[in-house]
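Since every read-out is calculated from the coordinates, none of them should be taken as a lab result. Keep in mind the model is a prediction, meaning the values are calculated, not measured. Every residue, glycine among them, receives a Cβ derived from its backbone with ideal geometry; neighbour counts consider all protein chains shown.
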Amino acid sequence: MNEKRDTVSASAHNYVPARLLPLGDSALTLELGRSIETETHERVLGVAAALEALKGEPALAGVEEWVSSFCALTVHFDPDVTDAEALGHLLLALAARGTRASIAGLEWVLPACFDEEFAPDLDALAARKGMSPQAVIDTLLGATFRVYTIGFLPGFPYLGGLPEALEVPRLSSPRSAVPAKSIAVAGAMCAVYPWLSPGGWHLLGRTPVPMFDPRYSARPALLAPGDRLRWRAVDRETYDAMAAQAEAGTLDRERFCRKDMPA
């Protein structure tokens, strides 16, 4: 499950000018856009790839790590070692190159069960959109999602590519407890709650596949930025069998990884 990176020139694209924002005295955030879109995200990954190439160089002395998000890259450093001003100039210079990087990530087809118990918001969302519940499910199943970032909780994937027909604001009153592995939508995003937690997204189904498994020490989070994902509907009996395997630690998550998913 190796990842490949492809870089392309972005000089032909009109980008929002980069902004450098201090984050306390030990981090800088390089903002490369204001909206969630593939081109902006690939620009963020381009700067991250450039930093990776500079690892070990004096220019990154004291730099501890960098974390990418939808539209920005935050670089954490030791203020006693790093020249913050010089680092800021470097980040802006890397952004000015306009290089985009795309991660050729993994391709997943994950099971999803839309049993009534797992989909408490399905009927309400369908009524709000003037669709039948089955039409909502079919629309979700027909989409290919891109993993933009992991956040909020370990293994929580922010998935772009939600069809416009399913876009909906967050719940006005968040739940205090969302069951683990719940498939949810809000705004223009889809996600999966890896753990029992509070949450304000609309719950449309559930997957039996754990989003985070510490047994996979090299990659405990199932999904990573650059991965693509599709949902495949399964009935409750199939879900329960897979969930039991997951609980016993015998569900092989590699079986859901594909190499032939069309672009």
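Lys/Arg Cβ at +1, Asp/Glu Cβ at -1, dipole of the chain taken about the Cα centre: which of Met131, Thr38, Phe212 is farthest positive-ward?
Checking the options against the dipole of the chain, the answer is Met131.
Counting helices only, and only those DSSP H runs with n ≥ 4, report the 222 nm mean residue ellipticity of the chain as the sum of -39,500 (n - 2.57) divided by its residues, in deg cm²/dmol to the nearest 500.
Rounded to the nearest 500, it is -7000 deg cm²/dmol.
FRET efficiency for Thr38 and Leu171, Cβ-Cβ distance as r, R0 = 35 Å, nearest 0.05?
0.80
Could you line up Ser176, Ser69 from fewest to most neighbouring Cβ atoms inside 10 Å?
Working: Ser176 8, Ser69 19.
Going from sparsest to densest Cβ surroundings: Ser176, Ser69.
So for Trp195, Trp66, Trp201, fewest C-beta neighbours within 10 Å to most, what's the order?
With the fewest neighbours first, Trp195, Trp66, Trp201 line up as Trp195, Trp66, Trp201.
Taking amide H positions as placed in the peptide plane 1.01 Å from N, state which residues far from Leu106 in sequence (5 or more) or on other chains have amide H under 5 Å from it.
HN-HN under 5 Å from Leu106: Asp227, Arg228.
Measure nothing but the geometry: give the 0 to 90° angle between the long axis through the Cα atoms of 236-248 and the longest principal axis through the Cα atoms of the chain, rounded to 10°.
50 degrees
When the gyration tensor of the chain is built from Cα positions, what are the square roots of 5 times its three eigenvalues, in whole Å, from largest to smallest? Spell out each step's value before the answer.
Values: eigenvalues 255, 82, 63 Å².
With the √(5λ) rule applied to the chain, the semi-axes are 36, 20, 18 Å.
Arrange the following residues from fewest to most other Cβ atoms within 10 Å of their Cβ: Ile137, Ile36.
Values: Ile137 20, Ile36 17.
Fewest-to-most ranking of Ile137, Ile36: Ile36, Ile137.
Determine the equivalent ellipsoid of the stretch 107-258 by diagonalising the alpha-carbon gyration tensor, then write out the semi-axes as square roots of 5 times the eigenvalues, largest first, rounded to whole Å.
On the way: eigenvalues 105, 54, 47 Å².
Gyration-tensor ellipsoid for the stretch 107-258: 23, 16, 15 Å.
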